[in-house]
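Below is one structure; the comments refer to it alone.
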Amino acid sequence: MKKYCLVITTIHDSSNEVLQYIHQGCKAHQIELIIAGDKKTPGGFKLSNSSYLSVAAQKKLPFTISKKLPYHAYSRKNLGYLQAIKNGYEVIIETDDDNLPLAEFWDPRNKQVKGLPVEQKGWVNVYRFFSDLDIWPRGFNLQEVNTTNKPKTGTAKSIFCPIQQSLANENPDVDAIYRLTRPLPVYFKSHPSVILKKGSICPFNSQNTTWFKEAFPLLYLPSYCEFRMTDIWRSFVAQRILWANDWALSFHTASVNQKRNPHNLFQDFEEESGGYVYNGLMVQELSELNLKKGEQHIPDNLRLCYKLLVEKGYLKKKELPLLDCWLTDLEGLRNSG
């Protein structure tokens with residue numbers, strides 16, 4: 001199998017500064033770049049030595065989900081993941097078109113992470129390890145913001161982490177409440193990697209994240225929720241299934257500078273409002289599910305998690321047929337590989 005692939009989605013022109021920088025970095029480090037477009041992506045998009053999936057190209061992909069994913073949705077990125085898996089990669093790195101990689105972004109990845117395991121269960125504000133500021137990640141349970149200090153950690157050890165989140169400097173991934181009430185930019189300090197094991201939870205995003213093949217099914221981004229929640233709610237499902245397998249999630253020091261695309265902060269606030277209200281309850285409800293251990297049970301565990309989110313009204317009913325398409329496509333790729 002081939003090693004690394006980088007997946008992003010964009011509605012920008014290929015002349016975009018960050019896209020050009022990412023493209024050159026991938027070329028220099030022999031990493032395939034897969035870009036999933038949408039209807040807003042300008043025509044004539046072209047980056048040499050990269051795979052651009054235009055809307056027309058997406059319609060021709062051999063994936064059942066390609067015909068059912070909604071347009072104008074961040075979840076078009078699911079097609080980039082599937083294409084990377086089809087191309088035989090064992091590590092998928094994902095980022096966004098406003099994250100400028102630093103030199104360490106291109107360092108090799110290892111699923112065995114030497115880091116500090118967190119001893120605290122429940123909500124863990126990982127940003128506390130990398131900053132002395134009163135800062136929290138987007139998707140963090142607001143009821144816990146003022147009650148979680150820097151948790152205790154055990155002795156550094158090597159732990160299997162098939163999902164790994166690295167931070168972003170300058171304009172980090174914080175919620176609209178933080179942006180409306182606190183100053184930016186923010187630069188995180190260097191700190192050893194932090195590892196969350198079973199029972200410890202912190203949201204992670206899709207902006208600077210590494211996935212190893214054992215966790216590929218957990219890449220699925222839901223479509224029928226607010227844009228600002230899709231990667232966050234995915235992260236809660238993913239962590240619940242990590243727990244079932246006694247796998248861990250790691251967080252690493254910043255390796256990108258975010259040059260944030262223009263946002264309407266009040267619109268962001270509105271799109272995040274469901275998370276402000278329900279993130280804590282959602283994690284609690286997911287934790288109460290009876291899931292089975294083992295990679296072979298991940299598809300059924302995904303169905304159980306997303307069925308719960310639909311039954312509780314967090315996601316619309318039409319999410320479940322999309323998830324079935326995703327799992328069918330993954331099964332097809334396994335059988336053909």
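The table below lists the values:
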read-out: Residue, surrounded by the most Cβ atoms within 10 Å (Cβ to Cβ), within the range 20-40, restricted to residues that are assigned to a loop (DSSP other than H, G, I, E, B) and touching a helix residue (DSSP H, G or I) at 6+ places or on another chain (Cβ under 8 Å); value: Gly37
read-out: Leading residue by the ranking (surrounded by the fewest Cβ atoms within 10 Å (Cβ to Cβ)) among those in the range 281-330 that are in contact (Cβ under 8 Å) with a residue 24 or more places away in the chain and of a type in the set (Asp, Glu); value: Glu295
read-out: Enumeration of residues in the range 52-80 that are in contact with a strand residue (DSSP E or B) (Cβ under 6 Å, 6 or more places away or on another chain) and either charged (D, E, K, R) or in a helix (DSSP H, G or I) (or both); value: Arg76, Lys77, Leu79, Gly80
read-out: Criterion: surrounded by fewer than 20 Cβ atoms within 10 Å (Cβ to Cβ), out of contact with any Ser or Thr (no Cβ under 6 Å at 6 or more places or on another chain) and of a type outside the set (Asp, Glu) - qualifying residue of Phe251, Phe266; value: Phe266
read-out: Residue among Val174, Val237 that is out of contact with any helix residue (DSSP H, G or I) (no Cβ under 7 Å at 6 or more places or on another chain) and modelled with pLDDT of 95 or more; value: Val174
read-out: Any hit, the range 237-251, residues being among the charged types (D, E, K, R), without any contact (Cβ under 8 Å) to a residue 60 or more places away in the chain, farther than 19 Å from Pro172 by Cβ and assigned to a helix (DSSP H, G or I); value: no
read-out: Hits in the range 269-312 (condition: aliphatic (A, V, I, L, M), farther than 22 Å from Trp123 by Cβ and touching a helix residue (DSSP H, G or I) at 6+ places or on another chain (Cβ under 9 Å)); value: Ile298, Leu302, Val310
read-out: Any hit, the range 100-111, residues being among the aliphatic types (A, V, I, L, M) and outside any loop (DSSP other than H, G, I, E, B); value: yes
read-out: Scan of the range 179-216 for residues that are more than 24 Å from Trp106 (Cα to Cα) and buried (at least 21 other Cβ atoms within 10 Å of the Cβ), ordered by number; value: Ser200, Ile201, Cys202
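The values are calculated or read from the model by the stated rules, or taken from the named source; none is laboratory data. Remember, predicted model here, so these are calculated numbers, not experimental data. Every residue, glycine as well, gets a Cβ built from its backbone with ideal geometry; the counts of neighbours run over all protein chains shown.
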